[in-house]
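Undergrad: Have a look at this one.
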Amino acid sequence: MPRSGRLVLVVGPSGAGKDTVLREARRHLGHAPDIVFPRRVITRPPDPAEDHEPVSDDEFQRRAFALSWSAHGLSYGIPASIAGDLDAGRIVVVNVSRAIVADARRRFPCFVVAVTAAPAILAARLAVRRRETAAEIGARLARAAAPVEADAVVANETTPEAAGAAFLGILLRCRDLPCLP
């Protein structure tokens, strides 16, 4: 059955502010009946900076996912329940790895939003998190230069509110896009 909804994939390097723009959009659209923000499932402990469902490796293996991937020693998944939302015509907004965009585009009607920031800004944001060594941050910054085929870009280099407003505008325009085949 063709899906009448649209999957909005939010991608970008670590530190670009994907969770920040998602939080801002959810604040404005969290109660909209036609836009949903499912939580990612991650094999990482809870983190106040990232809205996700923390699970063990065993629990992750027992779950059904529409999309899943591994990165940095962790497993990430988008619940299989998004298929019902897409079939119902909803816009489903998720933070995913750039590595799964091509697969997602083959399987779902997608719109890809890249959240970006200058390398110096990314480096500063990653350093503040204190999750990684300087060498690991350098490796992340090198990967950040890899291109991604995006349908829209949000430059998150000033305030979280400005980036959130830009992302919110993109989501509102997604409501008006024709259904993809």
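Undergrad: Return the only residue of 5, 17 being of a type outside the set (Phe, Trp, Tyr) and on the phi > 0 side of the Ramachandran plot.
TA: Matching residue, one of 5, 17: 17.
Undergrad: In the range 72-99, what residues are surrounded by fewer than 21 Cβ atoms within 10 Å (Cβ to Cβ) and among the hydroxyl-bearing types (Ser, Thr, Tyr)?
TA: Hits for the range 72-99 are 75, 81, 97.
Undergrad: Name the residues in the range 131-181 that are of a type outside the set (A, V, I, L, M, F, W, C), assigned to a helix (DSSP H, G or I) and at pLDDT below 85, would you?
TA: Listed by number, the residues that qualify are 136, 138, 140, 143.
Undergrad: Right, something else. Within the range 81-108, restricting attention to residues that are in a helix (DSSP H, G or I) and more than 16 Å from the chain's Cα centre (by Cα), which residue is nearest to residue 143 (Cα to Cα)?
TA: Result: 106.
Undergrad: Just to be sure I understand, how many residues within the range 85-111 are in contact with a Lys or Arg (Cβ under 6 Å, 6 or more places away or on another chain), closer than 20 Å to residue 173 by Cβ and of a type outside the set (A, V, I, L, M)?
TA: Summing the residues that are in contact with a Lys or Arg (Cβ under 6 Å, 6 or more places away or on another chain), closer than 20 Å to residue 173 by Cβ and of a type outside the set (A, V, I, L, M) in the range 85-111 gives 3.
Undergrad: Still on this structure, please answer the following. Going by the conditions given, is residue 139 without any contact (Cβ under 8 Å) to a residue 40 or more places away in the chain and under 28 Å from residue 65 (Cβ atoms)?
TA: So residue 139 passes the test.
Undergrad: Can you tell me which residues in the range 111-130 are surrounded by fewer than 20 Cβ atoms within 10 Å (Cβ to Cβ) and either outside any loop (DSSP other than H, G, I, E, B) or under 19 Å from the mean Cα position of the chain (by Cα) (or both)?
TA: The answer is 118, 119, 120, 121, 123, 124, 125, 127, 128, 129.
Undergrad: When the range 5-48 is examined, which residues are found to be of a type in the set (Ser, Thr, Tyr) and within 23 Å of residue 114 (Cα to Cα)?
TA: Of everything in the range 5-48, those that are of a type in the set (Ser, Thr, Tyr) and within 23 Å of residue 114 (Cα to Cα) turn out to be 14, 20.
Undergrad: Given (1) at pLDDT below 90; (2) more than 28 Å from residue 127 (Cα to Cα); (3) touching a helix residue (DSSP H, G or I) at 6+ places or on another chain (Cβ under 6 Å), identify the lone condition not met by residue 15.
TA: All conditions are met except number (2).
Undergrad: Suppose we filter the range 28-69 for residues that are polar (S, T, N, Q) and exposed (fewer than 12 other Cβ atoms within 10 Å of the Cβ); how many remain?
TA: 2
The values are calculated or read from the model by the stated rules, or taken from the named source; none is laboratory data. Because the structure is predicted, anything quoted here is derived from the model rather than measured. Note that we place each Cβ from the backbone using ideal geometry, even for glycine, and neighbour counts take in every protein chain shown.
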